[in-house]
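Notes follow the structure.
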Amino acid sequence: MPLYILIGIFFIAIDRFLKFLAVGGFIGAPKRVIGDFFQLSFARNYNIAFSLPLAGWWLNVLIILIILALIYDLLYYAKKNDYLKSYLLFLIILGAASNLFDRLKYGFVIDYFDLKYFTVFNLADAMIVGSVIFLAWRMFRHKKSGYSIK
């Protein structure tokens, strides 16, 4: 389990470092990584995931409440020795906390991965979305096989 915690902290450290580079102007004009398909570019996201038009102080309060609920769930599943769920919740919490930090400090979330035909996002977003998809897949798989997920 400690290895998984270190991996999560490593990913969030990379996210914070890339955000530091973006805000500091080191990622100014888009920098090609894989042709036009994948670039590093600095974008301010004043809204919520995928630039959905939700913003404002109440959004910060809602995010804080969601993070607290996720911490409660993490502790519940850790107590039950469900390490996979605990780890996935840990990644979601880290990603949400990183983006919340941006909102509170800058008034927007710092995005820097630019995928052609998609959107600009960051590593914290990828941690959140990837973990949620994996949790949903796991719930669907267990429900389909007749087992409870709790």
* Asked: Here is a list of conditions, (1) exposed (fewer than 15 other Cβ atoms within 10 Å of the Cβ); (2) of a type outside the set (Gly, Ala, Ser); (3) on the phi < 0 side of the Ramachandran plot, and VAL120 meets all of them except one; can you say which number that is?
  -> (1)
* Identify, from the list ASP111, ASP73, the residue that is touching a helix residue (DSSP H, G or I) at 6+ places or on another chain (Cβ under 8 Å) and buried (at least 17 other Cβ atoms within 10 Å of the Cβ). => ASP111
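This table checks each residue for (1) within 18 Å of PHE11 (Cβ to Cβ); (2) modelled with pLDDT of 95 or more; (3) in contact with a Cys (Cβ under 8 Å, 6 or more places away or on another chain); (4) assigned to a helix (DSSP H, G or I).
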| site | (1), (2), (3), (4) |
| --- | --- |
| LEU59 | no, no, no, yes |
| ALA78 | no, no, no, yes |
| LEU89 | yes, yes, no, yes |
| ALA97 | yes, yes, no, yes |
| ILE110 | yes, no, no, no |
| ASP114 | no, no, no, no |
| VAL129 | yes, no, no, yes |
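The values are calculated or read from the model by the stated rules, or taken from the named source; none is laboratory data. None of these values were measured; they are calculated from a predicted model. Neighbour counts run over all protein chains shown; Cβ positions are idealised from the backbone, glycine included.
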